[in-house]
Amino acid sequence: MVKKSTQKPELEKPLPVAKLLPPDLALKAGLFEIEFRKLNEIAELLWLPNSLDAAEKNVRIARALKLYESIEPEGGLEGMLAAQMVGTHSAALECLRRAAVEGQTFAGRDQSLKHAQKLMTLYTQQLAALNKHRGKGQQKVTVEHVNVAAGGQAIVGNVETGQSGKVKRHTPPEIEHTPEVPMQNVKSKSKVDKERSK
């Protein structure tokens, strides 16, 4: 009776590049591999029909890579978002192109324009997320209630600090404070009061 082995045969694993090359070349090879993968990821986001020749495909990939680089992503999170933005932009342009095809049916054109609109909205949201991540998002402060004591001053308007640290004020013309004059206690008689007094 032959006993079967319960161990799974090990597949040969390729040696990592770092173990095959000297450290300085391994670093360069590792960077090359990362750049190559990034290029492939971006190229896979694009719609490149088979009818395009290789030169046109390369031009479209180079353009997409240039758009990616123009976003200047820093770190993995921004890199992922930048790649998504390039893909979203490319898909939106493709939908707009399809909507403009001659002889397009109204329903086909309408569908393509709706998809383009959704993609452009998504792109705007991605851009806002990138700006927010980078700390460039618009900040809004709402003041619910302000108390200013007698003799105090309140600043109304935008307050910014310049490079010198001095406060720059962009304010509307100042409103002068005038003390309140108490109203005289004047009683007016209504018609009802006049009739009662009769």
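Just checking, how many residues over the range 106-141 are under 27 Å from Glu72 (Cα atoms), small (Gly, Ala, Ser) and surrounded by 11 or more Cβ atoms within 10 Å (Cβ to Cβ)? Walk me through how you get there before you give the answer.
Step one: of the range 106-141, the residues under 27 Å from Glu72 (Cα atoms) are 116-140.
Right, trim to small (Gly, Ala, Ser) and you get 116, 128-129, 135, 137.
Now drop any that are not surrounded by 11 or more Cβ atoms within 10 Å (Cβ to Cβ), which leaves 116, 128-129, 137.
Qualifying residue count for the region: 4.
Among the residues of the range 31-48, those identified as closer than 25 Å to Cys95 by Cβ, part of a helix (DSSP H, G or I) and without any contact (Cβ under 8 Å) to a residue 40 or more places away in the chain are Leu39, Asn40, Ala43, Glu44.
Give me the residue from the range 49-100 that is of a type in the set (A, V, I, L, M, F, W, C) and not in a helix (DSSP H, G or I) and, out of that set, surrounded by the most Cβ atoms within 10 Å (Cβ to Cβ).
Step one: of the range 49-100, the residues of a type in the set (A, V, I, L, M, F, W, C) are 52, 54-55, 59, 61-62, 64-65, 67, 71, 77, 80-83, 85-86, 91-93, 95-96, 99-100.
Restricting the remaining residues to those that are not in a helix (DSSP H, G or I) gives 52, 100.
On the way: Leu52: 13, Ala100: 11.
Going through the qualifying residues, I end up with Leu52.
Computed from the coordinates by the stated procedures, all read-outs in this text should not be read as laboratory data. Values in this document were obtained by computation on a predicted structure and should not be read as measured data. Cβ coordinates were reconstructed from backbone atoms using ideal geometry, including for glycine residues, and neighbour counts include every protein chain displayed.
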